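The block underneath contains the structure these notes are about, expressed in structure tokens.
The values are calculated or read from the model by the stated rules, or taken from the named source; none is laboratory data. For clarity, every value in this text was computed on a predicted model and none was experimentally measured. Cβ placement follows ideal geometry from the backbone for every residue including glycine, while neighbour counts extend to all protein chains displayed. The area values use the complete protein model at the heavy-atom level, side chains included, leaving out ligands, DNA and RNA. Shrake-Rupley method; radii C 1.70, N 1.55, O 1.52, S 1.80 Å.
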Amino acid sequence: MRLAQLFGAVCLPFLGFVASAAVPKTFAILDATKASINALNTYYDNKTGRWDPMGNWWYSGLAVQSLANYMETTGSRDYLAQAQHTIDIQRAPLDWWPQGGGDFRADSTDDTGWWALALLRMYQLTGNSTYLDIAKEDETYIYQYWKPNTCKGGIIWDIKTQTYKGAISNELYLELTATLHNLIPGDTFYLNRALNQWQWFNGSGMINSQWLINDGLLDPQGNDTSVCLNNNDRVWTYNQGVVLGGLVELHKATGDQSYLDTATTIADAVIHSESLSPGGILTEDCDSPEPCDINGWSFKGIFMNRLAKLNKAVSGAPYSDYIRTNEQTAYNTARNGSDFYGGVWQKPFDAADLGRQLSGVQLLIATLGLP
């Protein structure tokens, strides 16, 4: 499918069950990845520059990251015009954000973080300094919501209500600042912010006794606003993943092995978890017994993207088999005849939506980059 064809109006895929065709255990991973991206792009709307304009805005930022990762891995520029088109339109002020926004400044810090990381991937891909400049602007915006008056620090999630110290906003900020440092020669400013962010996160209580990360912190109780406790909310796979990306970037910045050691401890905890990796296949906590909401279906792919990043940074590429097993299972079991991926990789195709497909695409790209 040519890029010009992909830029038409949104065409939603058939949502009914389609039995996967018999496929061999081995296959051409590049062809499979391109097929999954072409299926993803049936959601693309050229007019709005978004995948599924009625769905999650941050999903389009995640899609840009995925296309950039594919192009960086393969050396192609097949989807460059599409990614650039998306950024050009989406950086405009948001009519649904009362303060106007613009340059991806949204009403939640995690939305801005996803887009800022997409911009850095595009900067790495193209060398266009505009993308770097916007990412720096977004970092400044997010840092406004570092609030030391509760929980001794950390980024709040909901800007409108000024509430909730959640894992995802803080992990994205860690990865953003550490990556900015690694992309800017002679930088110390972003490195200091990244180091301070990790020191706070590591001591926040969000990492539980199993070395898994819960969703966030309870609001402080009583008169003591300095200490917050782990809320024991769900252990989402993307919270286990994004932190890996930040720690790999910190190791790259400092050469400190302890960052990789912590990252591998978290990754190993996921892989050996009976609930998160039953039978060696990554499984979201909401895959069973109740289905994920519109957000949760995308999370597993985010984990796999960062696990692949850690795999490259650690001697011996120890996670290659885990990634490859998950990919082959999803391809052979959860894929339908039109290259859409279901939500549970070890079960037959259930339904198609943007989140499910983003997870499948990221899993395939992670496999594509294996040594």
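Going highest first, how would you order 140-150, 59-69, 101-111 by mean Cβ packing within 10 Å?
59-69, 101-111, 140-150
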Q.
Just to confirm, what accessible area per residue do you get for the chain at 1.4 Å probe, in whole Å²?
A. 40
Q.
Considering only protein heavy atoms and a probe of 1.4 Å, how much of the accessible area of the chain is carbon and sulfur, as a whole percent?
A. 51
Q. Looking only at Val242, Val227, Val344, which one moves most when the chain is put into a Gaussian network model with springs between Cα atoms under 10 Å?
A. Val227
Q) So how long is each side of the chain along the principal axes, counting just the alpha-carbon atoms, biggest first, in Å? A) 61, 44, 39
Q: Hand me the trypsin sites (Lys or Arg not before Pro) from the range 149-235 located in a DSSP loop with no more than 16 other Cβ atoms within 10 Å, in residue order please.
A: Lys152, Lys160, Arg234
Q. How would you classify the range 47-204 from its alpha-carbon gyration tensor, with a ≥ b ≥ c the square roots of the eigenvalues: rounded for a/c under 1.5, else prolate if a/b is greater than b/c, otherwise oblate?
A. oblate
Q: Could you give the size of the charge dipole of the chain about its Cα centre, using +1 on the Cβ of each K and R and -1 on the Cβ of each D and E, expressed in debye and rounded to the nearest 20?
A: 700
Q: Express in whole angstrom the spacing between the alpha-carbon centres of the range 335-366 and the range 24-81.
A: 13
**Q.** Among Thr161, Thr329, Thr42: highest mean-square fluctuation, GNM of the chain, C-alpha pairs under 10 Å
**A.** Thr161
(Q) How compact is the range 273-364 by the rule of thumb for globular proteins, expressed as Cα Rg over 2.2 N^0.38 Å? (A) 1.03
Q. How many percent of the alpha carbon pairs in the range 74-138 exceed a separation of 13 Å?
A. 63
**Q.** Around Tyr43: net Lys/Arg minus Asp/Glu count, Cβ-Cβ under 10 Å
**A.** -2
